[in-house]
Amino acid sequence: MSMYTLIILLIGLGILVYSLVYTLFIGKERKAIKGDIDAELPDNVQKHAYIRNPIFLTYAICFGILLVMITYFALTWTW
């Protein structure tokens, strides 16, 4: 495995572990509501509605990784 592949693998693994821990933490916090479907959103989510949205985060991270890959291949590609 090349060094580039190993770095990308470690970054992806780090993101997955962070996402899992964050999801478990939020899930435990939300259990206190006990079945209330239309509950209030937390204050920091209301203040940062776009930053805390996982769909927008996924698109931003994918776009960033894509830019890094394009730059890497553009700099290393030889005809």
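Observations
- In the stretch 15-48, the residues that are more than 15 Å from the chain's Cα centre (by Cα) and either modelled with pLDDT of 85 or more or of a type in the set (Gly, Ala, Ser) (or both): 27, 32, 35, 39
- The set of residues in the stretch 1-27 being of a type in the set (Gly, Ala, Ser) and loosely packed, with under 10 Cβ neighbours inside 10 Å consists of 2, 27.
The values are calculated or read from the model by the stated rules, or taken from the named source; none is laboratory data. Quick caveat, the model's predicted, so the values are computed rather than measured. Note that we place each Cβ from the backbone using ideal geometry, even for glycine, and neighbour counts take in every protein chain shown.
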